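The next block holds one structure in the form of structure tokens; read it before the comments.
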Amino acid sequence: MRRFAQLIQELELSNKTNDKIEALVTYFNEANALDKPYVIAMFTGKRPKRPITTTLIKQWAIELSGTPEWLFTESYHNVGDLSETIALVLPEAEKNIDKPLHQWITELAALQGKTDEEKKNTSLIHGIV
């Protein structure tokens, strides 16, 4: 996942087509073979279905951070981006979980069909969200 995150950062940091092509070529030469199809799918708009809604992630972030909902909402309006707001209010991670992209996607897909409470418990225990 770190390598995928690095690719995204490299693509975002440059406006030059050749830099972007070089970043993609380097990624696909180095990446785990099981990750490559997922990256292609994401870049072509064929992302896997989300098993956890944005609303749930927002609720869990509010609970985990201990932030009052009104303050979270005001912060979101000032920040302007939900994922950035969530990242800002959540406490520092106690540990880093280094899994390859394909493993994250497989674990997320396994949440499909579970109740919201099961999703929450599984996600928080395994560091999925």
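The values are calculated or read from the model by the stated rules, or taken from the named source; none is laboratory data. All values reported here derive from a predicted model rather than from experimental measurement. Glycine also receives a Cβ, built like all others from the backbone with ideal geometry; neighbour counts cover every protein chain displayed. We work out accessible area using only protein heavy atoms, side chains counted, and drop any ligands, DNA or RNA first. Shrake-Rupley method; radii C 1.70, N 1.55, O 1.52, S 1.80 Å.
Some observations on this one:
- Residue in the stretch 111-122 that is open to solvent by 60 Å² or more (accessible area, probe 1.4 Å) and at pLDDT below 90 present: yes
- A single entry from TYR27, TYR38 fulfils the requirement of being open to solvent by 70 Å² or more (accessible area, probe 1.4 Å), assigned to a helix (DSSP H, G or I) and among the aromatic types (Phe, Trp, Tyr): TYR38.
- Among the criteria (1) open to solvent by less than 90 Å² (accessible area, probe 1.4 Å); (2) at pLDDT 95 or above, the one ILE57 does not fulfil is (2).
- Any pair with Cβ under 8 angstrom, 6 or more apart, that starts in the stretch 114-129 at a residue that is under 15 Å from GLU94 (Cα atoms) and among the aliphatic types (A, V, I, L, M) and ends at one that is modelled with pLDDT under 85 and open to solvent by less than 70 Å² (accessible area, probe 1.4 Å): ILE128/THR122; VAL129/SER123
- Close Cβ contacts (under 9 Å, 6 or more residues apart or on different chains) running from residues in the stretch 55-78 that are farther than 21 Å from GLU94 by Cβ and touching a residue at least 12 places away in the same chain (Cβ under 8 Å) to residues that are assigned to a helix (DSSP H, G or I) and among the aromatic types (Phe, Trp, Tyr) comprise LYS58/PHE72; LYS58/TYR76.
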